[in-house]
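Structure first, then comments.
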């Protein structure tokens, strides 16, 4: 445990990092999923940055969104030009300061970056699971992560933080393992997906499943459903942006020739950009993982699942402190959904702060360097550290009184 | 001309109607399109309701949107259970009162409801055009309609009215044929498509073109690209609704079994609804028409096309009076885009009224019966009639003075 993965902190980077993995739930001790199905053994790929302190009280868990991975910060090699996906937030002196905190990020089950998913070999057959991989929920994702945190010897996480589906994981953790969560920061997230976003999610799945190369999920070793996955990404990508940011970036700018082509190839730069996003995506992501993870997020409804229909009741099961952050231009999980969450938290008597950041980059704003977001996260983490330190001191004082 | 198509006005319906057609631009007199390509001969399917008055001054032209047709009102047979697509607006005593106005609605070129489109036989080969059909613009659609209006013997249209792409046609008419347009009502429309809506449009085309049955447009007589077209419709349909209306109608309601199925079939009612919309659509629409018409709407940018980049300059070419209507919950062509249009019209010195209707049904609100919309349209048409009557009277008086 407490692996120190930060080397060579050049600039404000955690430096060179390495991906680790933890395997558990080998048969006959498989993890029972919410569907009743079993999954095992399970491998979780993860990375850590910074040092775990002696009290194991400075652990911050970061959750990735739909297509993310465990590589939140730093680089794998000296020549690696692309640092982890949240390198602007995680590092020495950054929003999540690795000089102070021990940061953990694991790849979720069902994904394709080292954790067990539909592309992994099914131990019963030795062949990739494909659609025989069981469907799972956000609660199942979190249940697996809990085993990793136990394995790392951390009794209580100082803070959980994530955007989008990452925020759902933070909420689920706080409710399902209240004794292990001091605080959480769900960003650009929701306590339940609504009809619009479920519809958009299903359109993305249909794009994949309509591709004949999908072959009912059994495409491994063959031509994968790249057209379908690229289209799913195009649809998804549009939902991560905003009208204003797209208009500012692309407007109606045409491709190089500056004239309509009068055919069905892309005329506008926004079209080429989306095609490029789709093309890049199929090189790095598995179509089945896309299906499983979007379905898990569609299933997410914390009030229904943990509060018999009441989000207040669900949140009453935790004492975690929350900082809820939304973005004014996010139309996938709009501010109103964060406010609903905050209202329920308050009714449940929780300590909650809320901030809507005025930014026009849409849902994906959480991935972009943003001073206010950094300041909010860093300030909240400071307060949480002081909380814990204060409580420990109070505990010690009380202890000495008792002596 | 002045065909009276309204029979048996049971209730407030125009009664039985019939589809007519007008064919023109036979070679060598083909219509030259904006691309420079030629199209001919061209057939336009159209319907009319009400009577053209002696001065031919009471003609109102209605434009359909992407997947509409010439059948705006009434029924084809006594047992026909589905009246035209705007039957709640067009009829005796309705918003567009067929007791007062002579209403024309034609199916646009490129469509598949009787007008010439990619599924029509190419006169050069006798086989369906497919992708050899030339790409066209909103201006080309309007250019063809102008020929129909000439054919009907109407020198000046009292009013042009349409929602979405229908609104674009109204705007284009007013600028391209100012001498023929007294007034126009663009509803839930825009003077140019922006990056977000172009991106969504391209995603829909990609859905069709990724379907192997599309066969580069050459699928007539074979299995059509139904999966692709259904998915395009699903994506499109989502953009016509709103977060609020979808949430109210479907929320997270599950299918009959009221439990997650943990597979990739639809769990939620909103998913089944969208599948149903997709399935219904492929029975009535041609995939190539979908490509051509969405592309025409993407190309639409009135300021760029007619004002050298200035929408004010474009509108300066008309003296038409405008009533611009937007819907508060329309996120495809949001109110801000209607306001941009209105600002430019005002700067061009035009007589323009604007109303944002507070309604949460999204972009598609213009198709729904809505009292305020009906009242606005009917009031504006009344005013326009009085305008014209007044002018005629003034003319007569002046005439007698001159005698």
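All of the numbers you see were taken from the coordinates with simple rules; none came from a lab. Just so you know, these numbers come straight off a predicted model, no measurement behind them. Quick reminder, even Gly has a Cβ in these numbers, built from the backbone with ideal geometry, and neighbours come from all protein chains shown.
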key: Directionally averaged shadow of segment B:300-386, computed from the convex hull of its alpha-carbon atoms, nm²   = 6.0 nm²
ask   = Relative to the longest principal Cα axis of chain B, at what angle does helix B:371-402 sit, 0 to 90 degrees, rounded to 10?
value = 20 degrees
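Classify segment A:300-344 as rounded, prolate or oblate, taking a ≥ b ≥ c as the square roots of the eigenvalues of its Cα gyration tensor: rounded when a/c is under 1.5, otherwise prolate if a/b is larger than b/c and oblate if not.
Because a/c hits 1.5 or more and a/b fails to exceed b/c, segment A:300-344 counts as oblate.
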request  = Enter the per residue convex hull volume of chain A, computed from alpha-carbon coordinates, in Å³ rounded to the nearest integer.
outcome  = 159 Å³
request  = Using the number of other C-beta atoms within 10 angstrom as an exposure proxy, rank B:335, A:48 with the fewest first.
outcome  = B:335, A:48
ask   = Does segment A:320-366 come out rounded, prolate or oblate by the C-alpha gyration tensor, with a ≥ b ≥ c the root eigenvalues, rounded set by a/c under 1.5 and, if not, prolate when a/b is larger than b/c and oblate if not?
value = prolate
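With the cut-off at 1.5 for a/c, could you classify segment B:342-394 from its C-alpha gyration tensor as rounded, prolate or oblate?
Since a/c reaches 1.5 but b/c is at least a/b, the shape of segment B:342-394 is classed as oblate.
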remark   = Contour minus Cα-Cα span, residue A:386 to residue A:374, at 0.36 nm per residue, comes to 2.5 nm
key: Estimated inter-spin distance, residue A:41 and residue A:215, nm [label 7 Å along Cα→Cβ]   = 2.9 nm
remark   = Among beta bridges assigned by DSSP with both residues in chain A, the antiparallel ones amount in percent, to the nearest 5, to 40 percent
note = Per GNM of chain B with C-alpha springs under 10 angstrom, the most fluctuating residue out of B:140, B:351, B:298 is B:351
task = Mind telling me which of A:133, A:268, A:300 comes out most flexible in a GNM of chain A, alpha-carbon contacts under 10 Å?
result = A:268
ask   = Of A:276, B:49, how do they rank once you tally other Cβ atoms within 10 Å and put the fewest first?
value = A:276, B:49
remark   = One decimal, nm, nearest first: from residue A:390 to the same residue in each other copy, label points 7 Å out along Cα→Cβ, the values are 7.1
request  = Using only Cα atoms, tell me the angle between helix A:269-282 and the longest principal axis of chain A; keep it within 0 to 90° and round to the nearest 10.
outcome  = 70 degrees
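Per residue Cα convex hull volume for segment A:230-277, in cubic angstrom?
Enclosed volume per residue, from the Cα hull, is 75 Å³.
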inquiry  = Let me understand segment B:194-299 better: what is its radius of gyration from the alpha carbons, and its Dmax, in angstrom?
reply    = 15.3, 46
task = Using only Cα atoms, find the angle between the long axis of helix A:335-347 and the longest principal axis of chain A, and express it within 0 to 90 degrees, rounded to the nearest 10.
result = 20 degrees
request  = Compute log10 of I(q)/I(0) for segment A:137-220 with the Debye formula, placing one identical point scatterer on every Cα and leaving out solvent, at q = 0.10, 0.16, 0.20 Å⁻¹, to two decimals.
outcome  = -0.37, -0.73, -0.89
task = Between copies, how far apart are the residue A:253 label points? List them in nm, one decimal, shortest first, with each point 7 Å from Cα toward Cβ, please?
result = 4.5
ask   = GNM on chain A, C-alpha springs below 10 Å: top fluctuator among A:72, A:195, A:319?
value = A:195
remark   = If each part is reduced to its alpha-carbon centroid, segment B:62-81 and segment B:112-179 end up apart, in Å, by 17 Å
query = Between residue B:313 and residue B:356, what length in nm is gained on full extension when 0.36 nm per residue of separation is reduced by their alpha carbon distance?
reply = 13.0 nm
key: Length-normalised contact order of segment A:194-299 in % [C-alpha pairs under 8 Å, at least 6 apart]   = 31 percent
message = Taking every DSSP beta bridge with both residues inside the protein assembly as shown, roughly what % is antiparallel (nearest 5)?
response = 40 percent
key: Translational diffusion of segment A:69-144, µm² s⁻¹ [Kirkwood Rh, Cα pairs; Stokes-Einstein; 25 °C; 0.890 mPa s]   = 169 µm²/s
task = Would you mind estimating how fast the protein assembly as shown diffuses translationally, via Stokes-Einstein at 20 °C and 1.002 mPa s with the Kirkwood radius over Cα pairs, in µm²/s?
result = 74 µm²/s
ask   = Which FRET efficiency value, to the nearest 0.05, do you get for residue A:76 and residue B:253 by plugging their Cβ-Cβ distance into 1/(1 + (r/R0)^6) with R0 = 41 Å?
value = 0.35
task = Report the percentage of all Cα-Cα pairs in segment A:272-317 whose separation exceeds 17 Å, rounded to a whole percent.
result = 57 percent
